[in-house]
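K.L.:
Structure incoming, see below.
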Amino acid sequence: MAEIAPSILAADFANLQRDVEMLNASAAGYIHVDIMDGMFVPNISFGIPVCEAVYKHAQKPLDVHLMIEQPDRYLADFKKAGASGITVHYEACPHLHRTVQHIRELGAEPGVALNPHTPVDNLVDILGDVSLVLIMSVNPGFGGQKFIENTYRKVAHLRSLREKFGYTFKIEVDGGVNPGNAPLLIKEGVDILVAGSFVFNAPDPAEAIRLLKSS
Ligand code: DX5
Ligand code: ZN
């Protein structure tokens, strides 16, 4: 059974406390926090004060996904703002090993995210150092996009590397997740499913989380 990490990018920002409380009472395992800088991705979401505000009410760990350039500049700020895990993009980190160590030293779980075009094999020399690998199943930047089918193959390959080398990182998929693709993703090895629009556009978001979790 996979854990569900609803993305608050799709929440009602004017009712953030209400939506976080809904997640607290739901079957969600994490709260996914999408940070976009308008540079690494063509969209700006929100920053550190909003992360802090979510943390103030959250009773689930914050899974912070940094879609920003030079994320090293802000790792300590996001840890302070409540991040339990901090995921940076492979494509944004020329010194990824240093960045991952930095996150661990701060006391957060380090994760690495891959854009849809980035091969899983590019991570072979860092897989033993990370707690999470996030496979993007859409091009990052916006919620509500269509799931890219090649993701299944990437998940299966990543899982085979994990087994081959005996690593313990979790596999997360983010973008366009819904009950149509969740069962096959879980079968291929996904541990954490991020879902934004499917959860928050549902008439009953807590029920939508339950539905995904029972996939
Ligand atoms: C995309 C973000 C995702 C997104 C997921 O750049 O990283 O977390 O909010 O939203 P849906 O589920 O609507 O694709
Ligand atoms: Zn995300």
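K.L.:
On the given criteria, is ILE48 touching a residue at least 12 places away in the same chain (Cβ under 8 Å), more than 16 Å from ligand 2 (Cβ to nearest atom), in contact with a His (Cβ under 8 Å, 6 or more places away or on another chain) and farther than 27 Å from GLY180 by Cβ? Before you say what the answer is, go through the steps one by one.
P.N.:
Details: touching a residue at least 12 places away in the same chain (Cβ under 8 Å): yes; more than 16 Å from ligand 2 (Cβ to nearest atom): yes; in contact with a His (Cβ under 8 Å, 6 or more places away or on another chain): no; farther than 27 Å from GLY180 by Cβ: yes.
Taking the combined requirement at face value, the residue does not satisfy it.
K.L.:
So, one more: For residues that are away from ligand 1 (no atom under 15 Å from the Cβ) and among the basic types (Lys, Arg), scanning just segment 139-158, find the one that is farthest from HIS32 (Cα to Cα).
P.N.:
Step one: list which residues in segment 139-158 are away from ligand 1 (no atom under 15 Å from the Cβ), which gives 150, 152-158.
Now drop any that are not among the basic types (Lys, Arg), which leaves 153-154.
Values: ARG153: 24, LYS154: 21 Å.
It comes out as ARG153.
K.L.:
Another question about this same structure. Working only within segment 115-144, note down all residues that are surrounded by fewer than 22 Cβ atoms within 10 Å (Cβ to Cβ) and under 13 Å from THR87 (Cα atoms).
P.N.:
Step one: list which residues in segment 115-144 are surrounded by fewer than 22 Cβ atoms within 10 Å (Cβ to Cβ), which gives 115-129, 131-132, 138-139, 141-144.
Listed by number, the residues that qualify are ASN115, ASP129, SER131, LEU132.
K.L.:
Looking at LYS164, LYS213, LYS170 in this structure, which one is within 16 Å of ligand 2 (Cβ to nearest atom) and surrounded by fewer than 22 Cβ atoms within 10 Å (Cβ to Cβ)? Let's see the steps before the verdict.
P.N.:
Details: LYS164 fails: within 16 Å of ligand 2 (Cβ to nearest atom); LYS213 fails: within 16 Å of ligand 2 (Cβ to nearest atom).
Testing whether each residue is within 16 Å of ligand 2 (Cβ to nearest atom) and surrounded by fewer than 22 Cβ atoms within 10 Å (Cβ to Cβ) leaves just LYS170.
K.L.:
Only residues that are away from ligand 1 (no atom under 14 Å from the Cβ), touching a residue at least 12 places away in the same chain (Cβ under 8 Å) and acidic (Asp, Glu): list them for segment 159-196, please.
P.N.:
GLU188, ASP191, listed by residue number.
Quick note: the coordinates plus some simple rules give every number you see, no bench work behind them. Predicted model only: the values in this text are computed from it and were never measured. Don't worry about glycine lacking a Cβ; one is built from the backbone with ideal geometry, like all the others, and counts go over all protein chains shown.
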